[in-house]
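> Have a look at this one.
What follows draws every value from the coordinates through simple rules; no lab data is involved. Not measured: the values here are computed from a predicted model. All Cβ positions, even for glycine, are placed from backbone atoms using ideal geometry, and neighbour counts span all protein chains on display.
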């Protein structure tokens with residue numbers, strides 16, 4: 001027997017063995033995707049040759065067209081498809097080459113076989129082939145050219161070329177969270193619309209991109225940027241707490257800032273009155289040039305947005321512009337002052353600077369207004385009436401502002417006296433030949449000059465002390481001291497009477513010396529007599 005002639009029979013048996021299980025599938029679950037211009041193969045689920053006949057058809061718009069027919073391992077391709085398809089005679093796989101858009105459709109496979117019971121059966125399958133166009137021309141457009149925060153709703157439309165597209169939206173390369181309420185998406189096969197209601201600046205912050213993809217590839221749009229106008233808000237002024245006093249001519253600026261798009265414009269106010277100046281920064285030089293700053297005032301700025309038409313104020317700051325105090329001095333009376341007769345007016349002034357506070361001190365202690373002391377309302381001067389000796393002191397004036405403090409002193413001289421004149425002499429009994437010192441003292445400014453009288457007779461003594469080197473009886477009497485103040489013209493006297501015992505001859509000292517001498521001589525004489533008696537023998541009378 002010719003083995004080649006038996007080949008169809010063996011193939012038939014193999015076919016029957018392959019389909020021994022009822023209901024076996026012959027095509028995978030579709031669809032099968034192929035890229036335009038490329039080749040795609042539709043695989044089968046059997047291994048062969050295991051069929052008697054095999055037929056591939058192309059079904060489109062309800063019309064089926066034969067592509068290829070196989071008969072026990074031999075495949076015949078229809079003339080119209082000879083350059084388009086290739087069928088694997090062993091597996092039955094269909095390869096469609098150089099895919100065109102018209103190749104999309106349903107491809108059917110029919111296999112006729114015979115089971116073990118010699119019963120003929122037919123298996124059919126169908127699978128969809130989709131010819132995918134490459135993704136291209138992904139573009140994002142907006143229905144608005146500009147938006148206003150909280151007031152605008154924006155629709156962004158993403159379009160692309162390609163087949164079976166799906167779209168995704170991203171902001172700064174992170175997926176946009178679609179909540180279906182404020183942010184929603186409507187998608188078609190070729191476009192996607194992202195609607196943003198009550199737009200926020202954060203919705204469009206960064207770059208917005210749209211990605212279009214199918215099973216073959218993904219393409220991303222160019223970054224899209226839509227201007228969102230907002231603000232001004234968070235308006236602030238710097239420094240927020242400036243010094244309460246600024247030195248005139250200092251390098252000082254106030255800066256106003258705000259969160260705003262477009263950038264805000266700024267106007268300045270002094271005590272809520274508009275300053276004829278605009279800009280984010282105002283200098284102290286400008287403030288002084290406008291004649292401001294001489295008194296403490298509030299300064300603030302207003303930020304305005306030309307697009308949103310909103311204006312917001314900043315907090316206010318308070319300060320004054322001052323000059324440092326220089327040339328402080330106290331002026332007082334030119335004439336000599338006499339206690340009980342004179343009045344003194346002291347004035348404290350400075351040649352330049354802003355004086356905020358004045359203080360007066362006397363002998364280091366705060367000067368308090370009283371019955372004789374009057375202080376001017378602005379503390380610039382004091383008036384002391386009916387001067388007394390207690391007004392002699394160093395007076396100090398203190399002028400200050402927040403920039404500096406200066407002090408000046410004035411020594412007030414109030415002439416007085418003499419008062420409290422008294423004469424004292426050396427203590428103890430006054431004996432003849434004793435030195436006697438009489439001292440005259442008083443309270444006087446300037447210091448008093450002195451003259452002495454003895455028993456109403458003027459002496460030549462002109463000092464505070466009257467000295468008697470060796471007093472005798474005739475020095476007894478009344479000594480009067482007169483104290484004179486050349487400025488006040490006053491003379492005050494005091495006296496002291498002394499009495500010196502009269503000299504009777506020998507003084508008690510001399511008498512004591514004589515007595516001591518006599519007693520000493522007597523003692524010597526007695527001693528000699530006793531000595532001689534011991535040396536000379538005495539004869540007995542018997």
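> Please compute the length gained on full extension between residue 404 and residue 95, using 0.36 nm multiplied by the number of residues separating them and subtracting their Cα-Cα distance.
101.3 nm
> If a/c stays under 1.5 just call it rounded; otherwise compare a/b with b/c (prolate if a/b is bigger, oblate if not). Do that for the range 28-175, with a ≥ b ≥ c from the square roots of the Cα gyration tensor eigenvalues.
prolate
> Restricting to Cα pairs below 8 Å that are 6+ residues apart, what does the relative contact order work out to for the range 416-498? Please round to a whole percent.
Computed value for the range 416-498: 35 percent relative contact order.
> If we count other beta carbons within 10 Å of each Cβ, what is the order of 498, 282, fewest first?
498, 282
> Let me ask something else. Residues of the range 473-491 with amide nitrogen under 19 Å from the 7 Å Cα-to-Cβ point of residue 447?
Within reach of a label on residue 447, which here means backbone N under 19 Å from a point 7 Å along Cα→Cβ, the range 473-491 contributes 481-491.
> By count of other Cβ within 10 Å, fewest leading, how are 425, 302 ordered?
425, 302
> Determine which residues of the range 330-352 fall in the zone a paramagnetic label at residue 383 would reach in this model, i.e. backbone nitrogen under 11 Å from the point 7 Å along Cα→Cβ.
344-346
> So what's the angle, to the nearest 10 degrees on a 0 to 90 scale, between helix 508-535 and the longest Cα principal axis of the chain?
Tilt of helix 508-535: around 70 degrees.
> Let me ask something additional. So if R0 is 56 Å, what FRET efficiency would residue 478 and residue 349 give, r being the distance between their Cβ atoms, rounded to the nearest 0.05?
It comes out at approximately 0.50.
> While we're here: Can you show me the helix-derived [θ] at 222 nm for the chain, built from DSSP H runs with n ≥ 4 at -39,500 (n - 2.57) apiece and divided by the number of residues, rounded to the nearest 500.
That comes out to -3000 deg cm²/dmol.
> Normalised by the residues of the chain, what does the relative contact order come to in percent, with Cα pairs under 8 Å and at least six apart?
7 percent
> Obtain the nm distance between the two label points defined at residue 225 and residue 179 by a simple spin-label model: each point lies 7 Å from its Cα along the Cα-to-C-beta direction.
So the label points at residue 225 and residue 179 sit 2.7 nm apart.
> What's the FRET efficiency of residue 365 with residue 306 using the Cβ-Cβ distance as r and R₀ = 60 Å, to the nearest 0.05?
Efficiency at R0 = 60 Å is approximately 0.40.
> Please give the FRET efficiency for residue 238 paired with residue 272, using the beta carbon to beta carbon distance and R0 = 22 Å, rounded to the nearest 0.05.
Plugging the Cβ-Cβ distance into 1/(1 + (r/R0)^6) gives 0.65.
> Going highest first, how would you order 198-206, 128-136 by mean Cβ packing within 10 Å?
Sorting 198-206, 128-136 by mean packing, highest first, produces 128-136, 198-206.
> Between [x] 1.04; [y] 0.98; [z] 2.76, which matches Cα Rg over 2.2 N^0.38 Å calculated for the structure shown?
Derived directly from the coordinates: [z].
> Another question, if that's okay. Measure nothing fancy, just the Cα-based angle from helix 3-18's long axis to the longest principal axis of the chain, in degrees from 0 to 90, nearest 10.
For helix 3-18, the angle is close to 50 degrees.
> Mean separation of Cα pairs under 8 Å and 6+ residues apart, divided by the residue count of the range 136-225: what relative contact order is that in percent?
Value for the range 136-225: 35 percent.
> What is the range 177-263 by shape, rounded, prolate or oblate, if you read a ≥ b ≥ c off the alpha carbon gyration tensor as root eigenvalues and call it rounded for a/c under 1.5, prolate for a/b larger than b/c, and oblate otherwise?
Taking the square roots of the gyration eigenvalues as a ≥ b ≥ c, the range 177-263 is prolate.
> Could you rank the peptides 314-323, 117-126 by their average count of other C-beta atoms within 10 Å per residue, with the highest value first?
Per-residue mean Cβ counts within 10 Å order the peptides as 314-323, 117-126.
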